[in-house]
1. What pairs can you find where one residue is in region 173-196 and in a loop (DSSP other than H, G, I, E, B), the other is surrounded by fewer than 13 Cβ atoms within 10 Å (Cβ to Cβ) and of a type in the set (S, T, Y), and their Cβ atoms are less than 9 Å apart, with a gap of 6+ or different chains?
2. With the requirement that a residue be touching a residue at least 12 places away in the same chain (Cβ under 8 Å) and on the phi > 0 side of the Ramachandran plot, what does region 1-55 give you?
3. Restrict the check to region 127-135 and report whether at least one residue is in a helix (DSSP H, G or I) and closer than 30 Å to G55 by Cα.
4. Is it the case that D149 is free of Cβ contacts under 8 Å to residues at least 12 places away in the same chain and under 24 Å from the mean Cα position of the chain (by Cα)?
5. Give region 110-134 a look and list any residue that's among the β-branched types (V, I, T) and either loosely packed, with under 12 Cβ neighbours inside 10 Å or touching a strand residue (DSSP E or B) at 6+ places or on another chain (Cβ under 8 Å) (or both), or say none.
6. May I ask you to say which residue of T77, T35 is surrounded by fewer than 11 Cβ atoms within 10 Å (Cβ to Cβ) and among the hydroxyl-bearing types (S, T, Y)?
7. Is it true that R10 is at pLDDT 85 or above, among the charged types (D, E, K, R) and assigned to a helix (DSSP H, G or I)?
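The values are calculated or read from the model by the stated rules, or taken from the named source; none is laboratory data. Just so it is clear, the structure is predicted and the values come from calculations on it, not from any experiment. Here the Cβ is made from the backbone with ideal geometry for all residues, glycine too, and neighbour counts use every protein chain on show.
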Amino acid sequence: MNNSVTNTGRLLWAGLRALIVLTVVCGVIYPLAVTGVAQALFHDKANGSEIKSEGKVVGSSLIGQRYDLPLKKGQQTAEPDLKWFQPRPSNGLAENTVNTQYKLIVSGATNLAGDSPVLVKQIQDAQKAVIKDNEAPGYKVDKAAIPADAVTSSGSGLDPDISPAYADLQVHRVADRNHLAVAQVQKLVDEHTHGRVAGFMGEPGVNVLELNIALKGLAAKS
């Protein structure tokens, strides 16, 4: 009987010691080591790829944002603020009682089939809006020149980038709304266009948040 109690006590003490050691190693030392390495070698990525403007964090380079006017009384959907470059549509981005679009994240695609009448109408409506919104004095939008990302949402609805073609399409409208020269705004787009990763992966793109921060600075100077 005594041996049985003694053995049980030894096993319990051994298990407790193992629990303490593993908790310290896996729950304290390892996370601190990984965090330290991440902060030392990948500081920007480890902190969420934050983008700052005027000393404040205004977003992440990995997550898209809307640029809309405040909702008017009776409106269900906000109108885009056309002085800014606009991102891709976010038709699949869901809402619930806690998270609204782009405030925290409920991401998702529309999951509509390519021949869905709903999807076709969304694209047609988006084409009309792109043409209407981006017309400027001396500039008309050619329907055939509207790129796909101007009228379709990404798989997550949170794509932070637009194609250079879509950015170029918006240049005249943005220049007109901000009382800037077209050449000045086009230069901003060119400066914020990034190429393919490693020269061959993905497509060239323009980060909308970074571009609009630069636009804000240019407009303030002008």
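1. Every condition considered, the pairs that remain are N178/S222; H179/S222; L180/S222; A181/S222.
2. G48, S49
3. no
4. For D149, the condition - free of Cβ contacts under 8 Å to residues at least 12 places away in the same chain and under 24 Å from the mean Cα position of the chain (by Cα) - is not met.
5. Within region 110-134, just V118 meets the criteria.
6. Values: T35 fails: surrounded by fewer than 11 Cβ atoms within 10 Å (Cβ to Cβ).
Selected residue: T77, the only one of T77, T35 that is surrounded by fewer than 11 Cβ atoms within 10 Å (Cβ to Cβ) and among the hydroxyl-bearing types (S, T, Y).
7. yes
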